[in-house]
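**Q** Below is a structure I'd like to ask you about.
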Amino acid sequence: MLINTAADPALAWQETALCAQAGPEFFFPAPGSSTREAKQLCNACEGREACLEYALANDERFGVWGGLSEKERDRLRRTGRD
């Protein structure tokens, strides 16, 4: 599903996100697989914070978003955001 970022400026970060250059399997690895490479790419992306905010606001439960895994985002939700 494509999102019209022109209609929603809050999603403009998706147009320049580094993840757009990698396949979804990179950010949604098989259970037990490493997320290290995805996190490294996220940490180099200028849209990382907006991506993380999107994932938290939309309750994204799978994959690496904003440099955090599912477990890390869940922990962040439970402890509260800074």
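Where a number appears in this text, it was derived from the coordinates with a stated rule and is not lab data. Note that the coordinates shown come from a computational prediction; the quantities given were computed from them, not determined experimentally. Reconstructed Cβ throughout: ideal geometry from the backbone, glycine too, with neighbour counts over all protein chains shown.
**Q** Using label points projected 7 Å from each Cα along Cα→Cβ, tell me how many nm separate ALA12 and ASP59, to one decimal.
**A** Using points 7 Å along Cα→Cβ, the separation is 2.9 nm.
**Q** Next question, about the same structure. Once volume of the Cα convex hull per residue in Å³ is worked out from the coordinates, which option in (i) 95; (ii) 104; (iii) 119 does it equal?
**A** (ii)
**Q** List, in order, the whole-Hz ³J(HN,Hα) value for each residue of the range 20-33 obtained from phi through the Karplus relation with A = 6.51, B = -1.76, C = 1.60 and θ = phi - 60°; use x for Gly and Pro.
**A** Running phi through 6.51 cos²θ - 1.76 cosθ + 1.60 with θ = phi - 60° gives 5, 8, 10, x, x, 5, 5, 9, 10, x, 4, x, x, 7 Hz.
**Q** Identify which of GLY32, GLY47, GLY63 has the largest mean-square fluctuation in a Gaussian network model of the chain, with springs joining Cα atoms closer than 10 Å.
**A** Of GLY32, GLY47, GLY63, the most mobile in the Gaussian network model is GLY32.
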